[in-house]
Amino acid sequence: MGVLEYVSDGVKHFTLIDPDKSADYIRIAKTALEAGTDGILVGGSLGIPSEEIDAVVKDIKSISHVPVVLFPGTVCQLTPRADAVLFLSVLNSQDPYFIVGAQLQGAVILAKHYPSLEVISTAYLLVGDGGAAGYVSAARPVPLRRPEIAVAYALAAKYMGFSAVYLEAGSGAPEPVPAPMVRAVRKYLDRVLIVGGGIRSGKAAGEIARERPNVIVTGTIAEEQPEKLGEIVRAIREAAGR
Ligand code: 1GP
């Protein structure tokens, strides 16, 4: 089963590991796997050398029974060792480089050098704070209380043929994507919906999970309060009826 098919059913939890922030990535991956995470994303907004991405993915793959998926912040963050790559286009960037410029460089690498890597075309939409990802990609984030704008972007993504939409509040965001925004987008989007940024408790994860996105991503919590990961995974499973 491919990764897109794997995430298409139910509500899953993925753990984001940013090698730039977490030297201790193996410990974090082990904790996340023990807590029951359903997948691991690897990547970050700032520069990470491709050799490092390669080594990190190789190490995590050696202990992981769940998919390991690239979440590249730059064209350098690609390796054929992963199970798939989120081929991201920052739909609300003000700079065409982040909408299609980096993608034309990455596409050639994927097609010529890593043809067996599963590519998941993903409309990446910054909302609220936007965090480092929003700043670096020159995004104009969607205001948290304007779900109709997120819906409009999600519909545009659908009609443009994206396989997935990722609502991103930004790593470490003061407030996660609000449940009403997830609900509004879910109502219109019959594609994979990924939500992440600023989720720090089971309560917050559960509220989002009840709106039935396909994937809920947490990153910072695994580094700062790993003991809370179990609570988050359980809340998602409960809300999703697993
Ligand atoms: C992935 O940016 C998120 O979508 C991760 O955010 O670090 O706040 O969990 P946190």
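The values are calculated or read from the model by the stated rules, or taken from the named source; none is laboratory data. Quick caveat: nothing in here was measured; it's all calculated off a predicted structure. Here the Cβ positions follow ideal geometry from the backbone for every residue, glycine too, while neighbour counts run over all protein chains shown. Just so you know, the surface numbers come from the protein's heavy atoms only, side chains and all, with ligands and any DNA or RNA stripped out. Shrake-Rupley method; radii C 1.70, N 1.55, O 1.52, S 1.80 Å.
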Aspartates and glutamates whose Cα lies under 18 Å from that of K203, excluding same-chain neighbours fewer than 8 positions away: E175, E211, E224, E227, E231, E238
MRE, 222 nm, helices only [DSSP H, n ≥ 4, -39500 (n - 2.57), over the chain, to nearest 500]: -12000 deg cm²/dmol
Considering only the chain, percent of DSSP beta bridges that pair antiparallel, nearest 5: 5 percent
Sequence-distant aspartates and glutamates (8 or more away, or on other chains) whose Cα lies within less than 13 Å of K158: D190
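Local charge sum around P143 (other residues, Cβ-Cβ under 13 Å, Lys/Arg +1, Asp/Glu -1)?
For residues surrounding P143, the net value is 0.
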All lysines inside 21 Å of K61 as judged from Cα atoms, apart from same-chain residues fewer than 8 positions distant: K12, K21, K30
Distance-filtered residues of region 8-28 - backbone nitrogen under 20 Å, label point 7 angstrom along A55 Cα→Cβ: 17-28
In Å², nearest 10: area of E168 left accessible to a 1.4 Å probe: 10 Å²
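Which of the three applies to region 122-202, rounded, prolate or oblate, going by the alpha-carbon gyration tensor with a ≥ b ≥ c and a/c under 1.5 meaning rounded?
Values: a/c = 1.71, a/b = 1.35, b/c = 1.26.
Prolate, since a/c reaches 1.5 and a/b exceeds b/c.
With charges only on Cβ, +1 for K and R and -1 for D and E, what is the dipole size of region 11-240 about its Cα centre, in debye, rounded to 20?
Details: 23 positive and 24 negative charges, 150 e Å.
Using only the charged Cβ atoms, the result is roughly 720 debye.
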Within a Gaussian network of the chain (alpha carbon springs, distance under 10 Å), most fluctuating of L117, L70, L125: L117
Å² of accessible area per residue within the chain, as computed with a 1.4 Å probe and no ligands counted: 43 Å²
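Which of rounded, prolate or oblate describes region 95-242 when judged by the alpha-carbon gyration tensor and an a/c cut-off of 1.5? Walk me through the intermediate numbers first.
On the way: a/c = 1.55, a/b = 1.42, b/c = 1.10.
Note, shape of region 95-242 comes out prolate.
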